[in-house]
Amino acid sequence: MEESRTYTFTADKENQSTRLDLVLSLQLEEVSRSYIQKLVEQGNVMINGNVCLTKKYKVCQGDSISVTIPPPRQLEAAGEDIPLDIVYEDKDLLVVNKPRGMVVHPAAGNESGTLVNACIYHCGESLSSINGVIRPGIVHRIDKDTSGLLVIAKNDETHEGLSHQLANHEMTRKYEALVFNNFTEDSGTVSLPLGRDPKNRLRQAVTDGGRHAVTHWQVMKRYGRYTLIEARLETGRTHQIRVHMAYIKHPLVGDMLYGPKKQPFGISGQLLHAKVLGFVHPRTGKYMEFERPRPEVFEDVIRKLDGGG
């Protein structure tokens, strides 16, 4: 049986005088704010060694905050009639364009309204089961606020074939991102290991002993304080592009976990879009590649930077 998980971090200057539930929601991105509030009410949050039952507590710089998340219930993910932007479909797989704000699979605090719920409704029982009942068909994932292309396996053979390509860095995965600051060069590569942040277990970080991670980037357009880039993943670690870019002083616009807490353009959530996905179809052996434009919220910011709004 899976055990409870406890995360501990120290509040920094940017957390000063911010409500506890908001601070935790920025740290625990895959957990809903309502669930965080429930964790507080249930006594699962400690501040400086004492249980805190007040979600409105104003965090102080230096506070040691500990969050315990109980073991997840075994969820029988139910199909939900949620519209899907289907890019391609056959009897073996499904390529979808995930909207910004949608969680990929059910988790504590996000047990419905996910991509998995939508796929179960659309595909019925024809989804792979390699990853268990709460992650059927999911070969790879992207963060809640990252939009773009994902491939879903409808059977175990397809799932195994796609997972093999993913593990061997044989998939094509290109992203568009708007980042802070200008680059002195037109392209480059970040090859730095990633793992849990030793100072904040809720985040990822460049760390000794972390997993090999490589991100290739190229400037698409410069806007002075901001730069539109294309990022190509050679590996696919958790938050890879976000952490690598933040490490080289180019955090993603909208990313309040790895960038500044106060963001421009009135947005929250990173401007990151998985625009190109390519792979060899496990059954036919044919290479397939798909592309989708960035979502409207991303496009609206680009129009403003281009002087159109």
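The values are calculated or read from the model by the stated rules, or taken from the named source; none is laboratory data. In this text the structure is predicted, and so the values were computed from the model without any measurement. Positions of Cβ are generated from backbone atoms using ideal geometry, with glycine treated the same way; all protein chains shown enter the neighbour counts. SASA here: full protein model, heavy atoms, side chains in, ligands and nucleic acids out. Shrake-Rupley method; radii C 1.70, N 1.55, O 1.52, S 1.80 Å.
Numbers for the structure displayed
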| item | result |
| --- | --- |
| Subset of region 79-98 (residues that are of a type in the set (D, E, K, R) and over 20 Å from the mean Cα position of the chain (by Cα)) | GLU80, ASP81, GLU89, ASP90, LYS91, ASP92 |
| Residue check for ARG232: at pLDDT 95 or above, among the charged types (D, E, K, R) and not in a strand (DSSP E or B) | no |
| Residue under evaluation PHE265, criteria (1) hydrophobic (A, V, I, L, M, F, W, C); (2) in contact (Cβ under 8 Å) with a residue 40 or more places away in the chain; (3) surrounded by fewer than 19 Cβ atoms within 10 Å (Cβ to Cβ), criterion not met | (2) |
| Residue list for region 268-309, restricted to those being open to solvent by 70 Å² or more (accessible area, probe 1.4 Å), charged (D, E, K, R) and either out of contact with any Leu (no Cβ under 9 Å at 6 or more places or on another chain) or not in a strand (DSSP E or B) (or both) | ARG283, LYS286, ARG292, GLU296, ARG303, LYS304, ASP306 |
| Members of region 187-215 that are in contact (Cβ under 8 Å) with a residue 60 or more places away in the chain and polar (S, T, N, Q) | ASN200 |
| Meets criteria (assigned to a loop (DSSP other than H, G, I, E, B), farther than 20 Å from PHE279 by Cβ, of a type in the set (Val, Ile, Thr) and modelled with pLDDT under 85) for ILE130 | no |
| Residue that is nearest to CYS52 (Cα to Cα), among those in region 14-28 that are touching a residue at least 12 places away in the same chain (Cβ under 8 Å) and either among the aromatic types (Phe, Trp, Tyr) or open to solvent by 50 Å² or more (accessible area, probe 1.4 Å) (or both) | ARG19 |
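To keep it simple, each residue is scored yes or no on (1) at pLDDT 90 or above; (2) of a type outside the set (Val, Ile, Thr); (3) more than 23 Å from SER34 (Cβ to Cβ).
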site	(1), (2), (3)
GLU76	no, yes, no
ILE86	yes, no, yes
ASP90	yes, yes, yes
PRO106	no, yes, no
THR114	no, no, no
LEU150	yes, yes, yes
ALA167	no, yes, yes
